[in-house]
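Written out below as structure tokens is the structure these notes cover.
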Amino acid sequence: MKIAILSRNSKLYSTRRLAEAARDKGHEVRVIDVLRCYMNIASHKPMVHYKGEALADFDAVIPRIGASVTFYGAAVLRQFEMMGVFPLNESVAITRSRDKLRSLQLLSRRGIGLPVTGFAHKPDDVQDVIQLVGGAPLVVKLLEGTQGIGVVLAETQQAAESVIEGFMGLKANILVQEYIREAKGADIRCLVVNGKVVASMKRQAVPGEFRSNLHRGGKATLEKITPEERSTAVRAARIMGLNVAGVDMLRSNHGSVVMEVNSSPGLEGIERASQKDVASMIIKCIEEQAKPGKTATKGKG
């Protein structure tokens, strides 16, 4: 097969591993900078152009789209879908999962366990929202944040009010969530591929930090998950419509709760912690699923 990887940097670990795994299986691979792609939207024959060249004859596309370029990246991916190219994760599913509020609402509607979460627009409602999530300490999250950026732990009522009012003053959209103290700065990342959890790890925050992101110095170790956690991860990925997803969970006193469903999960931490060839599993998923025009959400927004 001829596979395109939409990535801004061919040297990134995840991009490199996916390209290596595909080539090892005999596929032709090309890494394409999504921001250098451009399109003629009104054309009767949808096409993606790249550095003066029309991209054609791809069988599948792997989107590795950073959160900061979600809007443009999803537009390019949609164009590939219109050309009949199979997307590993569809554009609609990616934008759905990147919208933290929308994704939590969808998961909640389907009965997935979540941390108590509040959302408000006016500073007048701040105190009520704080009480809705059980009071301080609590976590304030920017809706557009990623890799732990824009996530603040407010340990007192006064600090919570100040942080929330500060974000609102900047016209930023935020979520207010209960702080799960018993997690002790650790979360569980489950890597779901084609409806199965293929690897899992525990991410532990460094001392004095509550965010466990590996980009913030968190340490990854192999972790055995429960059947309930496995089922939750698979269901969360399915609800988002993702073939490949990183499902992040916290272990609370009332069971494991889903924090986020990531549509472009990094492979370095999970492969090293689990000692599994996750990249090859992803390529196998493409081999099994890829068919021209197979885009389930095509035409649905």
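Some notes on this structure:
- When restricted to residues that are without any contact (Cβ under 8 Å) to a residue 12 or more places away in the chain, among the aliphatic types (A, V, I, L, M) and either within 19 Å of residue 116 (Cα to Cα) or touching a His at 6+ places or on another chain (Cβ under 8 Å) (or both), the stretch 129-170 contains 0.
- Among (1) touching a residue at least 24 places away in the same chain (Cβ under 8 Å); (2) among the polar types (S, T, N, Q); (3) over 26 Å from residue 231 (Cα atoms), the one test that residue 117 misses: (3)
- Within the stretch 31-57, the residues that satisfy the criterion of being closer than 30 Å to residue 271 by Cβ and either surrounded by fewer than 16 Cβ atoms within 10 Å (Cβ to Cβ) or aromatic (Phe, Trp, Tyr) (or both) are 33, 35, 36, 50.
- Residue selected from the stretch 146-166 under the condition assigned to a strand (DSSP E or B) and within 27 Å of residue 240 (Cβ to Cβ), by the criterion modelled with the lowest pLDDT: 151
Results for (1) closer than 30 Å to residue 254 by Cα; (2) out of contact with any helix residue (DSSP H, G or I) (no Cβ under 8 Å at 6 or more places or on another chain); (3) of a type in the set (Phe, Trp, Tyr), shown as yes or no for each residue.
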| site | (1), (2), (3) |
| --- | --- |
| 10 | no, no, no |
| 30 | no, yes, no |
| 44 | no, yes, no |
| 53 | no, yes, no |
| 107 | yes, no, no |
| 114 | yes, no, no |
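- Matching option when the condition is buried (at least 20 other Cβ atoms within 10 Å of the Cβ), within 23 Å of residue 247 (Cα to Cα), outside the structural domain of residue 260 (by TED's automatic domain parsing) and touching a Gly at 6+ places or on another chain (Cβ under 9 Å), among 88, 77, 138: 138
- Filtered by the rule that a residue be surrounded by fewer than 21 Cβ atoms within 10 Å (Cβ to Cβ) and either more than 23 Å from residue 250 (Cα to Cα) or not hydrophobic (A, V, I, L, M, F, W, C) (or both), the stretch 58-69 gives 58, 59, 66, 68, 69.
- Taking the listed residues 180, 174, 112, 188, the one that is touching a Phe, Trp or Tyr at 6+ places or on another chain (Cβ under 8 Å) and at negative phi is 174, with no other qualifying.
- Taken together, the residues in the stretch 257-278 that are crowded, with 20+ Cβ neighbours inside 10 Å, touching a strand residue (DSSP E or B) at 6+ places or on another chain (Cβ under 6 Å) and polar (S, T, N, Q) amount to 1.
- Residues in the stretch 80-87 include at least one that is part of a helix (DSSP H, G or I), among the acidic types (Asp, Glu) and under 17 Å from residue 289 (Cα atoms).
- Among the residues making up the stretch 98-124, those that are at pLDDT below 95, among the basic types (Lys, Arg) and in a helix (DSSP H, G or I) are 98, 100, 102.
- Residue list for the stretch 3-19, filter: over 15 Å from residue 65 (Cβ atoms) and surrounded by 14 or more Cβ atoms within 10 Å (Cβ to Cβ): 3, 13, 16, 17, 19
- Within the stretch 144-171, if we keep just the residues that are over 23 Å from residue 185 (Cβ atoms) and touching a helix residue (DSSP H, G or I) at 6+ places or on another chain (Cβ under 9 Å), the residue that is surrounded by the fewest Cβ atoms within 10 Å (Cβ to Cβ) turns out to be 169.
- Residue within the stretch 53-73 that is in contact with a Gly (Cβ under 7 Å, 6 or more places away or on another chain) and over 24 Å from residue 170 (Cα atoms) present: yes
- No other residue among 173, 194 is polar (S, T, N, Q), modelled with pLDDT of 85 or more, outside the structural domain of residue 235 (by TED's automatic domain parsing) and closer than 27 Å to residue 239 by Cα apart from 173.
- Taking strands (runs of 3 or more DSSP E) as the structural unit, those lying wholly within the stretch 1-60 and holding at least 1 residues that are touching a residue at least 60 places away in the same chain (Cβ under 8 Å) correspond to 2-6.
The values are calculated or read from the model by the stated rules, or taken from the named source; none is laboratory data. Remember, it's a predicted structure, so these values are computed and weren't measured experimentally. Cβ sites come from the backbone with ideal geometry, for glycine too, and all protein chains shown count toward neighbours.
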